[in-house]
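The structure is given below, and queries will be raised subsequently.
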Amino acid sequence: MTTELYIDRVLSQLPRTTPRREQIATELRGHIAERTAAGQNEADILGQLGDPVALAESYLSAVPLARVSFGRRAVAKFLDVVLVLAVAIPVGWMAWKWMPEQLAPFALVTAIVLGSWTFAIYVIVAEATLGQTVGKRAVAIRVVRESGARISIGQSIVRQ
């Protein structure tokens with residue numbers, strides 16, 4: 001693994017909104033360059049620094065976490081619901097117009113089920129990959145582990 005790949009792996013574990021993110025990258029490059037100048041092998045240096053995920057979590061542990069109020073969470077969820085409805089309602093209306101009359105009684109149930117699944121998948125993917133949904137971003141909420149690292153897909157599924 002090269003120095004840049006190692007640093008990219010560390011940074012990929014840090015949420016984009018992490019304070020000092022670029023400073024961390026600069027410090028890592030400088031630290032590795034100092035050791036290389038002292039005659040150490042790049043592979044040995046990276047081995048001494050350890051797993052990039054563990055190193056990223058050690059940086060994140062220094063960032064204090066704060067609980068978010070119920071009101072801000074509710075506003076974020078409301079914004080996410082509005083976003084999904086803004087897409088689902090026009091699609092549902094077009095499907096309703098083109099649907100045979102015999103299927104009309106099943107349309108509402110199908111729309112509710114598909115809308116629920118769409119919302120759940122949207123939230124799971126957004127929280128696991130970006131650390132926040134559009135609504136959470138609007139009210140400045142990040143979803144993280146206690147260490148400050150992003151949650152995994154599995155953790156996001158359990159949350160939902």
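The values are calculated or read from the model by the stated rules, or taken from the named source; none is laboratory data. Everything numeric here is computed off the predicted structure, so don't read it as measured data. Cβ placement follows ideal geometry from the backbone for every residue including glycine, while neighbour counts extend to all protein chains displayed. To get the accessible areas, we keep the full protein, side chains included, count just its heavy atoms, and leave off ligands, DNA and RNA. Shrake-Rupley method; radii C 1.70, N 1.55, O 1.52, S 1.80 Å.
Among the residues of the stretch 109-126, is any in a loop (DSSP other than H, G, I, E, B), within 17 Å of Pro15 (Cα to Cα) and touching an Asp or Glu at 6+ places or on another chain (Cβ under 9 Å)?
As a first pass, look at the stretch 109-126 and keep what is in a loop (DSSP other than H, G, I, E, B): none.
No, every residue in the stretch 109-126 fails to be in a loop (DSSP other than H, G, I, E, B), within 17 Å of Pro15 (Cα to Cα) and touching an Asp or Glu at 6+ places or on another chain (Cβ under 9 Å).
Then there is this: Of the residues in the stretch 131-153, how many are part of a loop (DSSP other than H, G, I, E, B), under 19 Å from Pro19 (Cβ atoms) and open to solvent by 40 Å² or more (accessible area, probe 1.4 Å)?
Count: 4.
Do you know which residues across the stretch 1-35 are hydroxyl-bearing (Ser, Thr, Tyr), touching a residue at least 24 places away in the same chain (Cβ under 8 Å) and open to solvent by 60 Å² or more (accessible area, probe 1.4 Å)?
Hits for the stretch 1-35 are Thr2, Thr17.
Taking the condition of being among the small types (Gly, Ala, Ser) and closer than 17 Å to Arg145 by Cβ, how many residues in the stretch 99-134 meet it? I'd like the intermediate steps shown before the answer.
At the first step, the residues of the stretch 99-134 found to be among the small types (Gly, Ala, Ser) are 104, 107, 111, 115-116, 120, 126, 128, 131.
From what's left, closer than 17 Å to Arg145 by Cβ: 126, 128, 131.
Result for the stretch 99-134: 3.
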